[in-house]
């Protein structure tokens, strides 16, 4: 969905007759820069390694937001204690027992009500598993994004359109602006001001 509606054009310095193709292309460019399919609330699934000795992980897409009011943005969560990577073998008292009874590699459902989370930073604090060992790998399904597209994103969308229209190679007489052409010029279209508006929404990891 485009981040600017025709009724928003005058409020963000765009002519009322601006073609919707410009807005659609700018929206696609914003999503590409933020490395996510959409800035609206979307469900994601991530498989994350937990740093040895830690009980926290960082989710990639922010801010965490529920699909419905009074619900959690965490949908489901599983954890497991896999065989440690090189240099990560811990001197846990229950480690040998866990290895002997084939606990490593088994995914266990984690009660999301036992997981503490910060919606702004995406940090999750994990519980221990049934043997008192910390999980070293988790799989999280969660929802994140903006319930309402804010002025920062709409301003960024409008600025990208203005930058594109002022770029000679793009400011041609066309009825449709090709998204790939916009992508080619992304380094000049997404200037420092646009980056400042969008950086809070850039995914923490590639993909």
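The values are calculated or read from the model by the stated rules, or taken from the named source; none is laboratory data. Keep in mind that what you see is a predicted model, and the values were worked out from it rather than measured. Neighbour counts are summed over all protein chains in view; Cβ atoms, including those assigned to glycine, are modelled from backbone coordinates with ideal geometry.
Filtering region 1-31 to residues that are loosely packed, with under 15 Cβ neighbours inside 10 Å and more than 13 Å from residue 160 (Cα to Cα) leaves 1, 5, 6, 7, 10, 11, 15, 16, 17, 19, 20.
Residue 21 satisfies every condition listed in (1) under 20 Å from the mean Cα position of the chain (by Cα); (2) over 30 Å from residue 136 (Cα atoms); (3) outside any loop (DSSP other than H, G, I, E, B) except (1). When region 32-43 is examined, which residues are found to be crowded, with 18+ Cβ neighbours inside 10 Å and under 13 Å from residue 205 (Cα atoms)? Answer for region 32-43, where residues must be crowded, with 18+ Cβ neighbours inside 10 Å and under 13 Å from residue 205 (Cα atoms): 33, 34, 36. Considering region 146-207, the qualifying helices (runs of 4 or more DSSP H), each wholly inside and each with 1 or more residues that are closer than 29 Å to residue 65 by Cα and at pLDDT 95 or above, run over 151-165, 192-198. So which of 81, 61 ends up being closer than 20 Å to residue 139 by Cβ, surrounded by 12 or more Cβ atoms within 10 Å (Cβ to Cβ), modelled with pLDDT of 95 or more and in contact with a helix residue (DSSP H, G or I) (Cβ under 9 Å, 6 or more places away or on another chain)? Going through 81, 61 in turn, just one is closer than 20 Å to residue 139 by Cβ, surrounded by 12 or more Cβ atoms within 10 Å (Cβ to Cβ), modelled with pLDDT of 95 or more and in contact with a helix residue (DSSP H, G or I) (Cβ under 9 Å, 6 or more places away or on another chain): 61.
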